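These notes concern the structure reproduced below.
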Amino acid sequence: MLSYFARRVWQGFLVIVVIICLNFFLIHAAPGDPVNALIGTMAPTPEYMEQVRREYGLDEPLLWQFLRYAARMAQFDFGESLRFRQPVIDIILARLPATLLLMGTALVLSSTVGIVLAAAAAKFRDSWVDRVLTTTSIVGFAMPAFWLGQLMLIVFALNLNWLPAQGMYSLRAPSDGFGRVLDILRHLILPALTYSVYHLALIYRLTRVKMHEALAQDYIIAARARGVAEHRVVYVHALRNAILPVVTIIGLNFGFMLAGSVLVETVFAWPGLGRLFYEAISARDYPVLMGIFTLVSGMVVIANILTDMLYAVIDPRVVYG
Amino acid sequence: MYQALCRSGALAVALLLGTVTWGHAQEPQPGGTFIAALEGEPATLTAHLTTDAVAVSVASNIFSNLIGLDYDFNPVPELAKSWTVSEDGLTYTFNLEENAQWHDGQPVTAADVEYTFAEVLAKVHPRGSSWWPNVESAKALDTHTFEVKLKSPYAPFLTMIASTLSSGALILPKHIYEGADPRTNPANLKPVGSGPFKFEAWEAGNNIVLVKNENYWKPNLPYLDRIVFRFTPDEASRLIAFEAGDVDFLHSYIMPIDQAQRLRADDRFTVVNSGLEAVAPNDFLLFNLRNEALSKLEVRQALAHAIDRKEVAAKSTFSEGVPANSFVNSSLHWLFTEEGNYSFDPAQAEKMLDAAGYPRKQDGTRFELRLVWATGRPYEARAGEVVKDQLSRIGVTVVAQAMERTTFIEEVFTNWNFDMAVQGFTTGPDPTFNVTPRYHTAQIKKIPFVNAMGYSNPKLDELFDSEYKMLDRGERAESWKEVQRILMADLPALPLFELTQTSAFSAKFKDVITGPLGYIQNRERAFYIP
């Protein structure tokens, strides 16, 4: 089992290396010049443009730029942001906690609520509970996050004035300690809900189908025949078997969620990686873009390895060798 | 009689009360937090490495300028309380404020000004190298006197150094910058200035917090306790945040003009049409004169007759902006002229195109042009759509293409790969900086925001090369009127509309905009009404 995971880690490492190489040439092939984004809104002098280009090594041949980048990456040096003139790793680490908080909340919320609701819907199959939940899930599945986010803002921030519209902290009345935690939680509600809806619907729909399949199996009939209580049949015997593919989807979703964070973070001005990514694209801040690509691919690889490990925990029949 | 007396008495009391409350409400009070929305996160908090308005709007609160500008574009005192200009227009002597100090307590001296000019403007500022070659010397004469000697007269010199957004610079502290590279100095991200507000915190991706400078050298200023700049990238949610009271200020460039009417009717908000006078931005339809059809003057003039700029202005700016009738914005009133303007006359346009050798073909069309614009400014997209529609009526097929901004800049200004482009150009605070570079033959270069049209007129070049040496403002104004007439006749571009200056702030604040650079000015006079 250990050698299996060692092999997986090694493969994951190779995947990341390939992604880095591909991305480097992809983003440099895209049109746009980082110097144009750096100089601001007024016409600079050509000498100044050249000076900036030289300073950042942007005047060198692309292959040479790549070799220099690869050499630095080999030492885990992500380079310096063109725009902020700060180490990329510092910039990314400053933004990572906000994204992890938002993603983590959404992931936990959508997974637990999705699974619980699906189990309930499966238990009361074809009842009104099932119909209402399933219809709602279609709506949730189909709604684009940025649109839903703006609807949430209009209802809860503008009309009802219950929750803040933007950012992660209150700026008018800053607080410390526990007050700050509460403040962040208040700011977290709308983006986390917006973020969760799609994934909740996805997990709900998948779990529901798998529950129906599981409930039709012989072992369920056997369990019922043994006189096992119905809620135990549904929530233990069936759910435990239905949940495996759901865990796979949650693991896979991790990568999609990072991509989705661009929209949610932009709508709610949430100071996370997604927005940094978006801004880095506009500014053609190559080192920051590369840093985020590397980090995200690393996280997706790790999430997938963790998913595989979780398999063995959930299903004793799964053995890696 | 009694009733009348009562009435007038009541009226007098009401008037008195009204005056008192009104007077009270207008009286500036210290206190309050002002939250300004910014469309992006600045890359630096100083103004010497970029002309990015987002960075400058923060920096202008932290740093002081040497001089400022009033609405007539005359210099007004800032760190320099007075100045003299020699008869020949070559020597400028500035007398500095004596009690100004840096946020760390050090005094502001002429040595700081000298450092900012000789080491920063001359060497690292994006636009410094465009005018520095004309400087003979820039030095501190004593602790509070600073002198600049020019090699040849340069009439807009004071306007230029007052103009923080383009070629001037906010004064930097020598004691912090000296001996290190001003491009990478850590103080660029943790600035120490001499302005009305001190830097407190920058939370990555979130906001920048400035607090009141209690030792500001202008007595009793500023009024506000704190200014917070919140980064709000999405236009729709920014508006919601503004209406929900989460932010207090939407400056002209991020104000959604389609919402101006509605916000104006709401007494929680103040909507003003001011703050970009010194920027003086016009939106243009640039013509690439390398295109075979567009290289012909009659064709460009025909297009000018075919485009109804009233409709363009009304539809693209929701009637907040006005049609542009010159290559210079009308806020530069001391030199503005509308002479040589084109009437909207599609019949005339058709006649001119026929004569120019572009008759309508079998299918009713004459020729095809590619029109590009950048995304992110909805009014430019709307203008492009209206132009496309209007030109189709005279048989000119327009293939429209919207591009992401960085790509657009590269396609238009470095690849010259366009036929027509919708593009805003600033024209102020002095046209020498922001009109000359767009149309001078020497500026046909592959760099952003200069003469991408490939336009050249030796007579115009001569005017450009002589006007800035004229020390008499009236004489300069005459030259600039001639420039505008020539440009209108030649049409290297078509002025479409003057950009709206509409901005909005919470009605709980007053005096938010007090000068011609209102959208990025410091908020030292802004005050809060509890």
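Some values worked out for this structure:
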item: Shielding of B:441-449 by partner chains, average beta-carbon count, 10 Å; result: 4
item: Pairs beyond 19 Å (Cα-Cα), from B:LYS81/B:LYS139; B:LYS296/B:LYS351; B:LYS351/B:LYS481; B:LYS81/B:LYS198; B:LYS81/B:LYS469; result: B:LYS351/B:LYS481; B:LYS81/B:LYS198; B:LYS81/B:LYS469
item: Listed residues B:PHE157, B:VAL120, B:TYR92: farthest to the positive end of the dipole of the stretch B:67-177 (Cβ charges); result: B:VAL120
item: Residue-averaged beta-carbon neighbours from other chains (10 angstrom radius) around A:141-152; result: 1
item: Sequence of B:SER130, A:SER110 when ordered by accessible area, the most exposed leading, probe 1.4 angstrom; result: B:SER130, A:SER110
item: Cα-centred dipole magnitude for the stretch A:171-321, charges only on beta-carbon of K, R (+1) and D, E (-1), debye, nearest 20; result: 400
item: Distance between the stretch B:360-406 and the stretch B:320-344 - C-alpha centres, whole angstrom; result: 23
item: FRET E, pair A:ARG186, B:ALA402, Förster distance 41 Å, beta-carbon r, rounded to 0.05; result: 0.60
item: Where labels lie 7 Å past Cα in the beta-carbon direction, separation of A:ALA6 and A:LEU244 in nm; result: 2.7
item: DSSP beta bridges in chain B [antiparallel fraction, %, rounded to 5]; result: 75
item: FRET efficiency for A:VAL116 and A:ARG68, using Cβ-Cβ distance with R0 set to 35 Å, rounded to 0.05; result: 0.10
item: A:GLY272 long-range amide H proximity, modeled H, under 5 Å; result: none
item: Relative contact order computed over chain B (Cα-Cα under 8 Å; 6+ residues apart), in percent; result: 20
item: Label zone at B:PHE367 (point 7 Å along Cα-to-Cβ), backbone N below 12 Å, the stretch B:333-354; result: B:353-354
item: Förster-model FRET efficiency, 30 Å R0, B:ASP461 and B:LYS151, C-beta, rounded to 0.05; result: 0.90
item: Relative contact order (%) - criterion: Cα under 8 Å, at least six apart; region: the stretch A:88-318; result: 29
item: Positive-end residue, the protein assembly as shown charge dipole about Cα centroid, Cβ charges, pick of A:PHE178, A:LEU206, B:VAL247; result: A:LEU206
item: Relative contact order %, the stretch B:67-177, counting alpha carbon pairs below 8 Å whose residues are six or more apart; result: 29
item: Percent of C-alpha pairs per 10 Å bin, chain A, short to long; result: 5, 20, 25, 24, 16, 7, 2, 1, 0
item: Test item: A:161-173 mean partner chain Cβ contacts at 10 Å; result: 6
item: Heavy-atom SASA rank of B:LYS310, B:LYS459 (probe 1.4 Å, accessible area, largest first); result: B:LYS310, B:LYS459
item: Mean-position separation - Cα centroids, the stretch A:211-238 and the stretch B:140-176, in angstrom; result: 84
item: Sequence ranges B:463-469, A:112-118, ranked by mean other-Cβ count within 10 angstrom, highest first; result: A:112-118, B:463-469
item: Fraction of beta bridges assigned by DSSP in the protein assembly as shown that are antiparallel (%, nearest 5); result: 75
item: Cα centroid separation, the stretch A:259-321 to the stretch A:140-197 (Å); result: 22
item: Computed accessible area, B:GLU178, all protein chains, 1.4 angstrom probe, square angstrom; result: 110
item: Gaussian network model of chain A, springs between alpha carbon atoms under 10 Å - residue of A:LEU109, A:LEU93, A:LEU202 with greatest fluctuation; result: A:LEU93
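The values are calculated or read from the model by the stated rules, or taken from the named source; none is laboratory data. From a predicted model like this one, the values you see are computed outputs, not experimental measurements. Cβ: placed from backbone, ideal geometry, glycine included. Neighbour counts: every protein chain shown. Accessible surface areas use protein heavy atoms only, side chains included; no ligands, DNA or RNA. Shrake-Rupley method; radii C 1.70, N 1.55, O 1.52, S 1.80 Å.
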